[in-house]
Structure formats: C-alpha cells, structure tokens
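The block underneath contains the structure these notes are about, expressed in structure tokens.
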Amino acid sequence: MDQDMESKRIAILGSTGSIGTQTLEIVRTNPELRVAALAAGTNVELMEAQIREFHPLTVCMWSEKAAAELALRTADMPVRIVCGMDGLLEIAAMPEADILVTAIVGMIGIRPTIEAIKAHKTIALANKETLVTAGHLIMPLAKECGVSILPVDSEHSAIFQSMQGQPRARVQKILLTASGGPFRRKTRQQLEPMTVEDALKHPNWSMGKKITIDSATLVNKGLEVMEARWLFDVELDQIEVLIHPQSILHSAVEFADGSIMGQMGLPDMKLPIQYALFYPDRKPMGGPRADLCSIAQLTFEKPDMETFEGLSMALKAAEAGGTMPTVFNAANERAVSLFLQKKIRFLQIYELIAGCMSKHRIVNNPSVNEILEAEAQTYDFIKQLTGDAQL
C-alpha cells in the first residue's frame with residue numbers, strides 16, 4: 001500500500017487555539033488523518049467537544065483543575081486524561097502518534113518537542129519559542145535522530161516549499177515577508193495612543209491575540225527571523241525582511257544565480273498546516289483561490305525598524321545569542337499580556353523588552369534548564385519594572 005494513502009496519526013499540543021482548531025478542520029475533511037492525542041490549557045468546554053468529535057486516546061490539560069473537570073465531563077468516553085508537563089511529555093512520546101503538531105504557546109513547548117524528537121516523531125512546528133530559544137539544541141538533535149521538522153508558520157512553510165528540489169548550498173538569501181500589521185507606516189507619535197482594540201485589527205490574517213499584537217509591533221517578524229536562521233541553517237545577514245501588505249507572496253528564496261522562488265496564495269493558515277501534515281504530497285483543499293488579475297499588484301517596502309523596534313531588538317538578541325533570545329521572547333510575552341490587560345501602553349512593550357535585555361547577563365550555549373531560568377528571571381525583572389510608579 002502506498003504510504004501516502006495510509007492513515008496518519010497526529011497529536012496536537014494546543015488543540016483549542018487558532019492553529020489547533022484549524023488543524024482539526026483539516027482532519028474533518030481528510031479521513032486518512034486520525035487524532036491520537038490532544039492537549040490544551042484550560043478550555044474544558046471546547047476540549048470536551050473535540051474529544052466527542054475526534055475520539056483521541058489521551059488528552060492533556062495544563063491545569064490540574066481543568067483536567068479534573070474534563071475527566072468528570074467525559075466519564076462516559078474511553079479517553080485517558082492527564083495534566084501538566086508530565087502529561088505533555090507522555091503525549092509527545094506516545095507510540096500511537098506519528099506526527100506531533102506543536103501549536104502550544106510559550107516555552108512549555110520546548111521539552112515536549114525534545115521528547116517527541118527522541119521518540120522519532122515527525123514535528124509539525126508551530127511553536128515559535130522552541131527554535132527561538134532552543135534552536136541550538138533542537139536542530140542538532142533532530143539531525144541526530146533523523147527527524148523531520150516541518151514548519152507550519154506561513155512564511156517558513158513558503159521558504160521550505162521554495163527550497164524543494166533545490167541545493168541548500170546555493171541559497172543566497174531568504175526573503176521573509178511581513179504584512180506590516182495594522183499600524184504600517186504610522187509614526188512613533190501616532191503609535192502613542194493606540195489601544196488594544198486598534199492593535200487587534202489585523203488587515204489580512206485571522207490569528208490569536210498574542211500573535212496579532214506581535215504582528216503590530218513587528219516582534220513576530222523578529223521571532224521568525226530567529227526561527228528561519230535555525231530551520232534553514234543560514235546566517236542572520238542572509239535573511240531580509242520585506243513589508244508586503246497584500247500578504248500574497250508568503251516568502252521567497254534567492255539562489256546563487258539570482259533566481260527567486262517563492263510561494264503565493266491567499267492568506268489562509270490551513271494551507272501550510274495541511275502541507276506539513278501531508279508532506280511531501282499536496283492534497284486538494286477547498287476554499288477560494290488567489291485571482292492574480294483581481295489582486296492586480298504586489299508591492300514591497302523596507303521595514304521601519306526605528307519606529308517598530310520589535311524587529312531591530314530581535315536582531316540584536318539573535319546576534320548576541322545564548323540566553324538573550326529567551327529574554328527577548330519572555331519579556332515580549334509578558335509585556336503583550338500586560339498590554340492586552342490594558343495595564344501598559346502600546347509603546348511600553350518596547351520599553352519593557354529593552355529594559356530586560358539591557359540588564360541580562362548572557363549564558364552561552366544554554367541547557368534547557370538555563371533557558372527556563374533565564375525566562376523566570378525575565379518575568380521577575382518585569383515585575384520589578386512594572387511595580388515602579390513611573391510605569
């Protein structure tokens with residue numbers, strides 16, 4: 001039997017979030033996909049619905065309380081309920097799954113990804129923090145274990161698709177596109193009064209709140225540069241960020257002979273998710289198609305890194321290396337959370353990240369424990385900073 005026709009068993013970390021729910025939409029229309037396990041944070045109601053529809057063998061809730069409530073609500077179902085990091089690690093290594101979709105948010109995704117690689121699972125990677133903070137550990141381990149890491153992010157999927165059949169040694173430059181978010185072309189003065197509601201109005205993509213804010217600050221693009229560096233084994237100066245407001249060219253690769261190959265399509269996260277799940281095959285997918293005549297033009301411009309400091313600070317963190325990318329990521333995570341709670345202004349996101357980076361003493365080539373320590377220290381420092389009456 002052709003391998004592509006066999007059923008693929010998937011485990012999804014973060015099944016109640018934006019990427020997780022879209023992954024399950026693909027499962028609905030592709031009967032050869034089977035759900036072996038699901039994991040989420042605290043959304044018991046949606047998880048119960050997912051259990052009843054997809055019949056996973058094991059489900060993990062991050063919160064012990066949520067796991068206990070879910071166990072009661074699904075007592076009539078043959079499903080094993082686990083919780084916390086131990087539960088995530090169990091799912092990551094479970095023999096009944098072939099592919100692990102890492103759509104969970106935060107650095108809690110690092111250890112399960114490592115566990116899954118050691119268990120020789122294919123990784124469909126949607127968790128940015130894993131490579132941003134631990135790329136120096138993840139990529140060599142994946143190579144050692146012969147494990148494929150397939151990017152789910154639209155930009156990295158586009159780069160991955162553009163490289164198919166091409167010699168990696170001939171890659172000259174990666175062209176990483178960004179929509180520019182809701183505040184494109186605004187000045188620093190215009191950004192000062194911007195509210196949470198303003199920042200969540202992304203012009204092209206439907207994403208979770210945290211990533212949408214990251215798009216508005218250009219932090220998201222900075223994190224993607226760090227990811228691309230590890231995923232495609234290139235130097236930082238080989239990655240060029242381009243603002244492309246139409247979000248049709250999802251990224252491209254320039255080769256040594258000057259040829260540029262890219263991947264285009266309408267903004268739809270289901271496309272890169274489905275590509276990762278069925279790679280190297282391409283399955284039919286419903287929905288509208290890109291009509292180039294009605295799109296009419298594609299435009300590109302350089303990012304304004306002075307106004308949108310998220311990108312310039314990310315590049316500094318990447319160049320510094322060691323634990324600095326962890327500090328950048330953790331400071332941003334907490335700052336965005338404070339902004340979404342309306343406790344700080346939009347531009348204070350940058351101030352908090354810069355404050356944390358300036359105080360950090362870098363640990364080179366950090367272990368997982370040292371990465372998590374740097375994260376905890378950053379959270380503590382943000383508490384000190386935001387406890388200041390001036391903030």
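The values are calculated or read from the model by the stated rules, or taken from the named source; none is laboratory data. A quick note: this is a predicted structure, and the numbers were derived from the prediction, not measured. We place every Cβ from the backbone using ideal geometry, glycine too, and count neighbours over all the protein chains shown. SASA here: full protein model, heavy atoms, side chains in, ligands and nucleic acids out. Shrake-Rupley method; radii C 1.70, N 1.55, O 1.52, S 1.80 Å.
Given H placed 1.01 Å from N in the peptide plane, which residues other than close sequence neighbours of residue 60 have an amide H under 5 Å from its amide H?
Placed amide hydrogens put 38, 39, 40, 82 under 5 Å from residue 60.
First compute the accessible area of the stretch 1-60 with a 1.4 Å probe, then give the percent of it belonging to carbon and sulfur atoms. Please report the intermediate quantities before stating the final value.
Details: 1300 of 2630 Å².
Accessible surface attributable to carbon and sulfur in the stretch 1-60 totals 50 percent.
Residue by residue through the stretch 356-361, which ³J(HN,Hα) values in whole Hz follow from phi under the Karplus form 6.51 cos²θ - 1.76 cosθ + 1.60 (θ = phi - 60°), with glycine and proline marked x?
Result, ordered by residue: 5, 5, 5, 8, 7, 9 Hz.
So how strong a dipole does the stretch 10-74 carry about its Cα centre when Lys and Arg Cβ are +1 and Asp and Glu Cβ are -1, to the nearest 20 debye?
Numbers: 5 positive and 7 negative charges, 14 e Å.
About 60 debye.
Quickly rank 273-286, 55-68 as a protection proxy: mean count of other C-beta atoms within 10 Å, highest first. Show your work: numbers first, answer last.
Values: 273-286: 16.7, 55-68: 19.6.
Going by the mean number of other Cβ atoms within 10 Å, highest first, we get 55-68, 273-286.
Magnitude of the Cβ-charge dipole of the stretch 2-126, K/R +1 and D/E -1, about the Cα centre, nearest 20 debye? The partial results should precede the final answer.
Details: 11 positive and 16 negative charges, 44 e Å.
Once rounded to the nearest 20, the dipole reads 220 debye.
With +1 on the Cβ of every Lys and Arg and -1 on the Cβ of every Asp and Glu, and nothing else charged, how large is the dipole of the stretch 247-293 about its Cα centre, in debye rounded to the nearest 20?
On the way: 4 positive and 5 negative charges, 53 e Å.
For the stretch 247-293, the charge dipole is close to 260 debye.
Might you tell me the accessible area per residue for the chain, computed with a 1.4 Å probe and given in Å²? Walk me through the numbers on the way to the answer.
Values: 17570 Å² over 391 residues.
Dividing the accessible area of the chain by its residue count gives 45 Å².
Please report the net charge: other residues with Cβ closer than 14 Å to the Cβ of residue 339, K and R +1, D and E -1.
Values: positive: 209, 210, 334, 342, 343, 345; negative: 192, 197, 198, 214, 333, 351.
Here the charged neighbours net out to 0.
What order do you get for 147-156, 163-172 when each peptide is scored by the mean count of other beta carbon atoms within 10 Å, highest first? Numbers along the way, then the final one.
Details: 147-156: 23.2, 163-172: 11.7.
Taking the mean over residues of other Cβ atoms within 10 Å, the ranking is 147-156, 163-172.
Rounded, prolate or oblate: pick one for the chain, where a ≥ b ≥ c are the square roots of the eigenvalues of its C-alpha gyration tensor, a/c under 1.5 means rounded, and failing that, prolate if a/b is larger than b/c, else oblate.
Values: a/c = 1.44, a/b = 1.14, b/c = 1.27.
Rounded is the answer for the chain, as its axis ratio a/c remains below 1.5.
Hey, what do the phi angles of the stretch 105-121 turn into as Karplus ³J(HN,Hα) couplings, whole Hz, using 6.51/-1.76/1.60 and θ = phi - 60°, x for Gly and Pro?
9, x, 6, 5, x, 5, 5, x, 5, 4, 4, 5, 5, 4, 8, 6, 8
Hey, any idea what % of the stretch 268-344's accessible area is carbon plus sulfur with a 1.4 Å probe? Present the calculation step by step, with values, prior to reporting the outcome.
Working: 2040 of 3760 Å².
Carbon and sulfur atoms account for 54 percent of the accessible area of the stretch 268-344.
Taking residue 65 as the anchor, which lysines have their alpha carbon closer than 25 Å to its alpha carbon, excluding any fewer than eight residues away along the same chain?
Of all the lysines, those that pass the test against residue 65 - Cα under 25 Å, at least 8 places apart if same chain - are 209, 210.
Once the dipole of the chain is set up with Lys and Arg at +1 and Asp and Glu at -1 on Cβ about the Cα centre, which of 349, 44, 17 lies farthest towards its positive end?
The Cα lying farthest towards the positive end belongs to 349.
The stretch 63-124 to the stretch 274-298: how many Å between their Cα centroids?
30
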